[in-house]
Amino acid sequence: MTSPLSICLVQSAAHQHLADNGLHAFAADVRRVTRAHPGARLLAYPELHLCGHRPDEEPATVMTAAAEPLDGPRGARLADLARETGVWLVPGSVYERGADGLIYNTAPVYSPEGERVAAYRKIFPWRPYEATASGTEFVVFDMDGYGRVGLSICYDAWFPEVTRHLAWQGADLVLNLVRTPTVDRTQELVLARANAIVNQVAVASVNAAQPDGIGRSLVVDPEGRVRAEAESAADQIVTDVLDLGEARRVRTLGTAGLTRVWDPFTAGQAPLELPLYQGRIDAERWRRALPDDQRPQVGRGIRSVRHRLS
């Protein structure tokens, strides 16, 4: 049994927080949102909300200047802010300077206790325009009493492997952080619904407001229905209350009570070769990833929900 989860997708422009007092301004905004929505348990901001560049700035210069380790001063202040406001805080993604010296586009997650419980490095930067290093691991985290949430960043949504792996890891909700100022936001809205449908998982896509993005943030249920949507590019907050257990119900009973995409294989069926990946789908492994309670076991080579990035 899961509790209803009240979420706020904060469709806002990053440029408001890029000055020297950026974190102060961001903290003030988080306090504003939590005062206006006292029941909210999860707040999510767009991609690079604290680290984006203005139109007249060189992205690589901004990236280098803004990058710091996740456990640096910025991370400590964000953790304190989550503890102060008592919410699960996803402050958008940030430029992370990894222990390997590379810079990643990384989405951290902070619990109401002020603990960083997850951090996801964008696997598919928007080449050739983005210069960050690529992440290599799929990340989900548990919200005790609510369900399991997977993370993706913007362009990741265009690659079906990402949402499929998050759903296989047991995500009830995939949170996609976006900074799209281009016309292909129209296609991203279709992808949000398609990813929800084919993986039977809720999807929440939060885009930046103008001028950093063209908005149109939305929440989609595990059967592909749009539950809430921002219809413009203006600053606004998209709110919803989700039962994350709905994803498990849909996987068990089927989309529209019919289609069960996690149960397509018969006993003894031969594995399906996947020449694109030089691998294959093994029916037995597929089924083992979805036990009776619809809580997939984390697969070998995929980061545990409790394991932190360095």
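The values are calculated or read from the model by the stated rules, or taken from the named source; none is laboratory data. Worth saying up front: this structure is predicted, and the values here are computed from it rather than measured. Because the Cβ atoms are built from the backbone with ideal geometry, glycine has one as well, and the counts that use them run over all protein chains shown. Surface areas here come from the heavy atoms of the whole protein model, side chains and all, with no ligands, DNA or RNA. Shrake-Rupley method; radii C 1.70, N 1.55, O 1.52, S 1.80 Å.
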Next item on the list: Quick one: in region 178-222, of everything that is part of a helix (DSSP H, G or I), among the charged types (D, E, K, R) and open to solvent by less than 40 Å² (accessible area, probe 1.4 Å), which residue is nearest to Glu246 (Cα to Cα)?
Entry: Glu188
Item checked: Qualifying residue in region 9-22 (condition: more than 23 Å from Gly98 (Cβ to Cβ), among the polar types (S, T, N, Q) and buried (at least 19 other Cβ atoms within 10 Å of the Cβ)) -> yes
Check: For region 44-63, what are the residues that are open to solvent by less than 80 Å² (accessible area, probe 1.4 Å) and either among the aliphatic types (A, V, I, L, M) or free of Cβ contacts under 8 Å to residues at least 40 places away in the same chain (or both)?
Finding: Ala44, Leu48, Leu50, His53, Glu57, Ala60, Val62, Met63
Check: Which of the residues that make up region 118-142 are in contact with a strand residue (DSSP E or B) (Cβ under 6 Å, 6 or more places away or on another chain) and either more than 21 Å from Cys51 (Cα to Cα) or among the hydroxyl-bearing types (Ser, Thr, Tyr) (or both)?
Finding: Tyr120, Thr132, Val139, Val140, Phe141, Asp142
Margin query: Checking the structure you have, find out if any residue of region 64-82 is assigned to a loop (DSSP other than H, G, I, E, B), under 20 Å from Asp142 (Cβ atoms) and open to solvent by 20 Å² or more (accessible area, probe 1.4 Å).
Written below: no
Next item on the list: Inspect region 270-293 for any residue being under 24 Å from the mean Cα position of the chain (by Cα) and either open to solvent by 50 Å² or more (accessible area, probe 1.4 Å) or at pLDDT 75 or above (or both) and give the result as yes or no.
Entry: yes
Notebook entry, point to check: Got at least one residue in region 124-140 being out of contact with any Cys (no Cβ under 9 Å at 6 or more places or on another chain), of a type in the set (S, T, N, Q), surrounded by fewer than 22 Cβ atoms within 10 Å (Cβ to Cβ) and within 23 Å of Gly245 (Cα to Cα)?
Noted result: no
Next item on the list: Could you identify the single residue in Leu173, Leu166, Leu191, Leu177 that is of a type in the set (A, V, I, L, M) and farther than 23 Å from Leu43 by Cβ?
Entry: Leu191
Checklist line | Selected residue [of a type in the set (S, T, N, Q) and surrounded by fewer than 21 Cβ atoms within 10 Å (Cβ to Cβ)] from Thr106, Thr85 | finding: Thr85
Next item on the list: Scan region 88-102 for residues that are surrounded by fewer than 20 Cβ atoms within 10 Å (Cβ to Cβ) and free of Cβ contacts under 8 Å to residues at least 60 places away in the same chain and report the count.
Entry: 4
Notebook entry, point to check: Out of curiosity, is Ala60 part of a helix (DSSP H, G or I) and more than 18 Å from Lys122 (Cα to Cα)?
Noted result: no
Next item on the list: Quickly run through region 246-262 and pick out the residues that are exposed (fewer than 13 other Cβ atoms within 10 Å of the Cβ) and in contact (Cβ under 8 Å) with a residue 12 or more places away in the chain.
Entry: Ala256
Check: Within region 83-107, can you find the residues that are more than 21 Å from Ala60 (Cα to Cα) and in a strand (DSSP E or B)?
Finding: Trp88, Leu89, Val90
Margin query: Considering only residues that are touching an Asp or Glu at 6+ places or on another chain (Cβ under 6 Å), closer than 30 Å to Met1 by Cβ and open to solvent by less than 10 Å² (accessible area, probe 1.4 Å), which ones fall in region 141-163?
Written below: Gly147, Val162
Margin query: Six or more apart or on different chains, Cβ atoms under 7 Å: show the pairs whose first residue is in region 268-281 and free of Cβ contacts under 8 Å to residues at least 24 places away in the same chain and whose second is of a type in the set (A, V, I, L, M, F, W, C) and open to solvent by 80 Å² or more (accessible area, probe 1.4 Å).
Written below: Arg280/Leu272; Ile281/Leu272
Next item on the list: Quick one: which residue in Ala267, Ala234 is modelled with pLDDT of 95 or more, surrounded by fewer than 14 Cβ atoms within 10 Å (Cβ to Cβ) and either assigned to a loop (DSSP other than H, G, I, E, B) or of a type in the set (S, T, N, Q) (or both)?
Entry: Ala234
Next item on the list: Might you let me know whether region 228-243 holds any residue that is more than 30 Å from Thr2 (Cα to Cα), without any contact (Cβ under 8 Å) to a residue 12 or more places away in the chain and polar (S, T, N, Q)?
Entry: no
